[in-house]
Amino acid sequence: MVTNMLCFFVMLLMFATFGAQKKSQQESRALELAFTPIFSINKELGAHQWLVSGGKGILLMPNPRHMADIPRIVRRVKNQLQKALMRDQILVTGDDQGVKIRIPSQVLFQSGSATLKSGAESVLEALVPVLGELSQFIRIDGHCDDKPTKNALFPTNWELSSARACSVLRFFTEKMGLDSGRFSAQGFAEFRPQVENLTEEDRETNRRVEIMILSSKQRKKDEYHWE
């Protein structure tokens, strides 16, 4: 009991000593800005963090507020696509990552080309009112089948899938005037197939462009000043 009481009073003394050593407001703000991006459990950072039982650390979960937006966005996109040509070929789904709009490549491009063909712009234009009103980040993914390309402009499917994604991105940002800071593009060549490339129908399924409305929203970056 005497030992426990001694430890208790030592702890009180330590807390009192630390409490007396107040940092200046400027130093405290600098530390907060430096360590917030790494250690914060602030929901405003775009992730909802939960402690995992058993001492296994922190599990990052999607922010529930952003998850609640996904069904509404799916309905909004489907309603807008009712006005588009070939709407029956476009698939709209939602999951914890966001909303995925899957458009077959033949709806947008000629074989082996990354230039939007006639009629393709009307499909993309139908999405502009939805994409323009959101604050979420948007990623354009290009996919091909396993057949090699046959022209010098696109030596491999890497170049073709990336160029197609960039063509869609540039339509939204340059022609439609949407915020370029919210958009990104990437190409996966033939390495993210929906199904095995066994038949021509399978290959047609794998040739696609996917517009991903991500669950994370654009936010203003904190300004850091280091001396």
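Determine whether segment 155-164 contains at least one residue that is over 24 Å from the mean Cα position of the chain (by Cα), outside any helix (DSSP H, G or I), modelled with pLDDT under 95 and not basic (Lys, Arg).
Checking segment 155-164: not a single residue is over 24 Å from the mean Cα position of the chain (by Cα), outside any helix (DSSP H, G or I), modelled with pLDDT under 95 and not basic (Lys, Arg).
Take the conditions on the phi > 0 side of the Ramachandran plot and either modelled with pLDDT of 95 or more or surrounded by fewer than 19 Cβ atoms within 10 Å (Cβ to Cβ) (or both) and apply them to Gly132. Does it pass?
Judged against the criteria, Gly132 is not a match.
Can you name the residue in segment 116-129 that is without any contact (Cβ under 8 Å) to a residue 24 or more places away in the chain and in contact with a strand residue (DSSP E or B) (Cβ under 8 Å, 6 or more places away or on another chain) and is also surrounded by the fewest Cβ atoms within 10 Å (Cβ to Cβ) among such residues?
Lys117
What do you reckon, is Thr173 touching a helix residue (DSSP H, G or I) at 6+ places or on another chain (Cβ under 6 Å) and part of a helix (DSSP H, G or I)?
Criteria met by Thr173.
The values are calculated or read from the model by the stated rules, or taken from the named source; none is laboratory data. Keep in mind that what you see is a predicted model, and the values were worked out from it rather than measured. In this analysis, Cβ positions are derived from the backbone assuming ideal geometry, glycine residues included, and neighbour counts consider all displayed protein chains.
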